[in-house]
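Reading through the structure tokens given below for one structure.
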Amino acid sequence: MLDQLLAGYAAPAGRFDELLSAPGRPRPHWEAFVRALAERSEREVSDTLTLTERQIREHGITYNVYADAQGVHRPWQVDPIPLVLPAREWAAISSGIEQRAELLDRILGDLYGAQSLLKNGTIPAAVVFGHRGFLAAAEGLRPAGGRHLLQYAADLARSPDGRWWVVADRTQAPSGSGYALENRLVVSRVFPQMFRELPVQHLASFFDALRSSLLQWAPRGDGAPRIVLLTPGPYNETYFEHALLARYLGFALVEGNDLAVRDDRVWLKTISGLERVHAIVRRQDDDYCDPLELRSDSALGIAGLTDVARRGNVLLANALGSGVLESGALLGYLPRLSQALLDEPLAMPSIATWWLGERAAFADAWQRPERLIVKPIERSPNEPSIAVGQLSADAREALRRRIAERPQHFVAQEWVHVSQAPVLEGKASGALAARTVGLRVFAVATPSGWRVMPGGLTRVAPDEDSPVIAMQRGGRSKDTWVLGEGPVNAEFSLLSSTVAADDLVGADATLASRAAENLFWLGRYGERCDATARLLRVAIAQLLEDGEARAGVPPAYLLAERLGVVDPSRRGPGRSPGRALRRAAHHPEGALAERLASLSRVAFSLRDRMSVDHWRTLNRLLADPALQREPALPMTLVWLDRAVTALMTLSGFVLDGMTRGVGWRFVSIGRRIERLATMCTTLQVATNEGRMHELDWLLDLADSSVTYRSRYLAAPEWLPVLDMTVRDEANPRSLAFQAKGLAEFIARLETAHGEFASTLLAPAHAALRELPAAELKPESAPLADLIGQLQSAAYAISDAVSLKFFSHAVPRSMLQIAP
């Protein structure tokens, strides 16, 4: 079986192969894994790939490749075969990374402090001041906790002789640790027995060290330290990782406009006022963090953040200005800097690098252009790395002339044929193929020294011919299994620490304003999607029963026009109502798809708050193939049945899965407002344009047919139907049910936050309760007036909620600063 598995696997000559020490002979640390894999049948291997893809899809693991048509919905690519590394080899890597992280932190402290390295010429001034990552505003800044770097990542590659080299340093806002964690969760479920039997070191202790360090070094005062994770927002390429880490570490996920600077401190805008923030784990670039002192056109930052950091009143991980260390031009100077600052040789060397701003380096590098990769000193999607050896002679000369015009902006690195590792290719064959790999490792500073994650993010080239590994070029990733020398403590968990009685947190814990707003719109969009799917189902059923040739327009179709589900211009001679309804139900630009997309966007912004089951159900709904084609009307009904069922499941997660705290109330208020407004429009159409029609459609739309039949042994009539849909407080679809629920939710919020909306609803709610049965008829003017009042109240309450809780421009006099 082993021979069969390895039959088609071979790495080209001149590369280190991670799997094999010789043809057909696995390396000792791979032996157990490969033999277990070889025992799997082709069907089992195919199922492995399917399971991996399903977990990624259902968990909503995404990575935004900006040039990809799927955008933020592009699934994260994971190969199920991990990169396996032995304990002794990892010990050397870990030691080298610890030393390198300490060295870079000291360099950064000098560059923004005494600048002795610049004054004595150890680092050329042009290398530092010519890089956009150097922030003059950060000079003299002494970060809280005394360290500029709290997190560090390095991109490693293995050369043909088996040695590991550093290709690039990541110091500004190192990304990937969350994806490494998610890869571990996916792959350990795909190979649970192998993961248990092999001594694979776990990752939780690394994240525990990160959280502990932030708590340790955060400035004190204003209660227990509050830590937030700052994200550029849902459209960032790694937003899924931001949400995952925030949830896993127990930090609030915030955007720039969630924070404000007051009294030389950073505050989180919550529905209760401002609350102090002590530490920020940032996932956005330096210059976007503060539009006041850094990039003035940034809409992502917090005005005044630089000054707060300068005063030591907030801990930033990492400190502003740390991006300068990512300059490729520094790599060639690190061996000398290690001797100067640490008095020891550099243990983890960089790959051979020339800063082309030095004439001698430019001339030396260009003596061997076929062995070079040229890249800008600053990472840029507009200037990718170029393998010079793959260019024609003319293109090579054109590149040399272009670089010579501004050589200080470029570095050249030796093009090393880095190692290859096995990947699974093809569900049918389950064959192994060799692909180029690189390894990103992560370290965090602790009071006792640097801690390196026992694993990392293994990145895989997209195809066998690609010389550059980059996720933005469509690459895949792997889990990284670092084997221990003895038994592994599998019991430790980031969630296993003891919680004291004084630390218990209730359901009404602090809720950020933006999170409250997203929860509110999650409720509204969820209800809007449900109403759209139900309306389309009723309208199509009515059309199929009555036929398109029948005189007059069915009331359900009229309602669809009023609610913007179908375009009124599509009605008329030669126009097919059936075609318009099919488009609304199936087309990617139809009403249902657009409203589901809105629901998806707001849900994605709440990714750190949504359960796996909730997210899985939503993803299945969004990925339904029915949204890509327009079948006949009967099959459209099948799709709408499926959609309504899924939307009811999502509603069930809100009703039964959410803690009855303030966040749940915002979701519920959103749902009640949307349902009240929609039901008012429905009754307006029914009592005006639908008077001459039977009332079954209205009962179906209000999901009340079964209740009506159980109460009345008669055909639907106006009096009982209007009683159920207007006055019955026990009917979840009635106006009375929505008004009563809204009044209760508003009252609960007003108890804690003051009056803001109860007076908007009270008159219409009182009139609804006093409405006599005699007015339950379609021609009743008091009924029509009441429906209009309730609809206006719903929209007014929506505005009042937004102004009270969601506005980010509230005058300081209106904000309560928490003690």
Taking protein heavy atoms only, a 1.4 Å probe, and rounding to whole percent, the accessible area of segment 133-212 owed to carbon and sulfur comes out at 47
Distance in Å, no decimals, from the C-alpha centre of segment 555-626 to the one of segment 293-308 is 39
Rounded to two decimals, the Rg over Rh value of segment 178-318 from Cα coordinates and the Kirkwood Rh reads 1.05
Per the Kirkwood formula over distinct C-alpha pairs, the hydrodynamic radius of segment 704-816 in angstrom is 15.9
Treating every alpha carbon of segment 736-775 as one equal point scatterer without solvent, the Debye formula yields log10 I(q)/I(0) values at q = 0.16, 0.27, 0.29, 0.33 Å⁻¹ of -0.42, -0.89, -0.97, -1.10
Counting Lys and Arg as +1 and Asp and Glu as -1 over every other residue whose Cβ sits under 13 Å from the Cβ of Ser802, the net charge comes to +1
Ranked output for segments 228-238, 159-169 by mean other Cβ atoms within 10 Å, highest leading, reads 228-238, 159-169
Count of lysine pairs, the chain, Cα-Cα under 28 Å, sep. 8 or more residues or interchain, comes to 6
Burial-style ranking of 120-127, 760-767, average other-beta-carbon count within 10 Å with highest first, yields 760-767, 120-127
Over its alpha-carbon atoms, the chain yields an Rg and a Dmax in Å of 31.0, 97
Carbon/sulfur accessible area of segment 303-415, % of total, 1.4 Å probe, equals 47
So, relative contact order of segment 619-739 in percent, Cα under 8 Å, 6 or more apart, is 19
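For a protection proxy built on the mean count of beta-carbon atoms within 10 angstrom, sort 688-699, 42-53, 434-445 highest first, please.
434-445, 688-699, 42-53
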Percent antiparallel among DSSP beta bridges confined to the chain, rounded to 5, stands at 75
Dividing the surface of the Cα convex hull of segment 647-743 by four yields a projected area in nm² of 6.7
Given a 1.4 Å probe, the accessible area of segment 64-208 per residue, as a whole number of Å², is 35
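The values are calculated or read from the model by the stated rules, or taken from the named source; none is laboratory data. None of the values given here were measured: they were computed from a predicted structure. All Cβ positions, even for glycine, are placed from backbone atoms using ideal geometry, and neighbour counts span all protein chains on display. Quick note on the areas: whole protein, heavy atoms, side chains included, nothing else; ligands and nucleic acids left out. Shrake-Rupley method; radii C 1.70, N 1.55, O 1.52, S 1.80 Å.
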